1. Please sort 64-73, 284-293, 206-215 by packing, taking for each peptide the average over its residues of neighbouring beta carbons within 10 angstrom, highest first.
2. Please compute P(r) over all alpha-carbon pairs of the chain, binned at 10 Å starting from zero, and give each bin as a whole-number percent.
3. How much net charge surrounds Cys196 when only other residues with a Cβ under 14 Å from its Cβ are counted (Lys, Arg +1; Asp, Glu -1)?
4. Straight-line reach from Lys455: which lysines have Cα under 17 Å away, leaving out those fewer than 8 places along the same chain?
5. Using the Kirkwood radius over C-alpha pairs as Rh, can you work out the diffusion coefficient of segment 38-96 via Stokes-Einstein at 4 °C, viscosity 1.567 mPa s, in µm² per second?
6. Restricting to the chain, compute how many DSSP beta bridges are antiparallel as a %, nearest 5.
7. How long is segment 388-475 along each principal axis, judged by its Cα atoms, biggest number first, in Å?
8. Would you please classify the overall shape of segment 102-212 from the alpha carbon gyration tensor, given that a ≥ b ≥ c denote the square roots of the eigenvalues, rounded means a/c under 1.5, and beyond that prolate means a/b larger than b/c while oblate covers the rest?
Amino acid sequence: MSLPPDFPFAHETPRPDRPIVVAANRLPVMRTEGGWSPSPGGLVRALLPMLRATGGTWVGWTGNPDDAPDPFELEGVDLHPVPISAREVELYYEGFSNDGLWPLYHDALRESTYDSEQWEAYVAVNERFAEALADTAPSGAIVWIHDYQLQLVPKMLRERRTDLVIGFFLHIPFPPYELFARLPWRTEIVEGLLGCDLVGFQRPMGASNFIVSAEQLLDVDADEDERVIHRPTHDVHVGVFPISIDVGDVEATAAGRATRQRMSQIRARLGDPEVILLGVDRLDYTKGIGLRLRAFAALLASGELDPERHVLVQVATPTREAVEHYQDERHQIERLVGEINGRYSRIGLPVIHYLYQTLPFDELIALYRAGDVMLVTPFRDGMNLVAKEYAAAHIDGDGVLVLSEFAGAADELTDAVLVNPHDDRALQEAIITAVEMHRHERRGRMAALRDQIRKSDVQGWADRFLAELEATADAAGAGAPASSTLAAPGAS
Ligand code: ADQ
């Protein structure tokens, strides 16, 4: 990717001097016929170039059970696979992470499973990650751990390596204490995160929920205004770092000739409707897909929308298909799509075009460009990158974003049509407002959204997190890179 020369942020934040090690559940690669290639996605695109520049390392799972290839290099980055067995995938990943923590951290939208066998697998896999990191991280390195699958790793790693600078970023919301307190292993999770020098959240609410939970459970000495928790061995800084997307990449793809052609083709295939409404989500019960479909159906029933003029395209990415809540959600959505299409479609022209598929990036961008109204209506979402991608793709300056107040993106994208998706009528009104919005207002709002997004690219997000992490370490006088003699690899 290359950024246009006038790009507003262009990395004003200096990169850390220390070597960087990233840990995430998944490695940033997938197996292809020709070997390994980088996985799609903004996080990978943000972190790989930085790791390459600093001679960095990524520790994670290949995504295949019982798969433990030797460490290898890809495009100048060392990749260290951590093996996870098929049984652990069931217990640690599908079980504790996705059927326990995920619903609890998303407003307890579904009942969580709390199972001690799953918890033990979660502890075991977190230990394995901590060991892999302790073995591979160079002396004085920054270790940046990602997401809810690895919340115990910071403490486990600090116990093994006191020379490292440890950061953690939670991509999903951190729940209020009233909900978090339900978790049988709540204290262990908070203790795990307190192994960090810096813990980052998407929204201010996540940061304050975490500080309150630490105070309630561990009687820690915390300064809520300064967002610091004092521990006997170190200070834990807590920060807010709203994640973003690779804006330059989305814009460049959106501007390509192939995308323009594909966009026109999509419109024609949909019967050249007056307004294309669009939803793009993983098929997750947090995303509010059913709500959106019901609001669309209610507007068709009342005649406020007309199947001759308005169509909805809903792309739902297959995800976590082994977890029962996801199977239920899929059945409900597909039944709803069938009912609405049965009632309102015409021969050859369904009123909802539903794809249960993962699409190539280019196709997704062409769809964003074709979409006149984007519906992003989660009940709860850490950030929601689809909302940002939609605005970045609308290089034509047109298009309306309807956005749930409960997505982290709502803090920044205040020129979207913001809505409480729990309120049926409000959601219907938001859709009508978007569909009927005057061109002048549409363009004004889209310009403001695009300005906002261009100010905060994913590269800037990563640079800010790492700069703050390094600053906390410098302030604490943590071991300088390479010169540290504390517990370096092999010494622990
Ligand atoms: P997700 O819950 O996966 O991420 P989101 O932020 O919307 O949600 O990211 C989804 C990504 O997948 C987007 O980049 C999108 O382009 C892509 N995608 C969606 N449907 C697709 C399809 N059918 N085909 C191909 N690609 C598709 C979690 C949190 C979010 C947080 C992110 C990043 O739940 O709240 O924003 O991490 O921190």
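1. Numbers: 64-73: 12.4, 284-293: 23.4, 206-215: 21.1.
Taking the mean over residues of other Cβ atoms within 10 Å, the ranking is 284-293, 206-215, 64-73.
2. 4, 19, 29, 26, 15, 5, 1, 0
3. Values: positive: Lys155, Arg158, Arg161, Arg227, Arg231; negative: Asp147, Glu159, Glu191, Asp197, Asp235, Glu468, Glu470.
Local net charge: -2.
4. Excluding near neighbours in sequence, the set is Lys388.
5. Numbers: Rh = 12.6 Å.
The calculation lands on 103 µm²/s.
6. Values: 14 of 61 bridges.
If we restrict to bridges inside the chain, about 25 percent are antiparallel.
7. 53, 31, 15
8. On the way: a/c = 2.39, a/b = 1.48, b/c = 1.61.
Oblate shape, in that a/c is at least 1.5 and b/c is the bigger or equal ratio.
A short reminder: the numbers here are calculations on the coordinates, not readings from a lab. Keep in mind the model is a prediction, meaning the values are calculated, not measured. Here the Cβ is made from the backbone with ideal geometry for all residues, glycine too, and neighbour counts use every protein chain on show.
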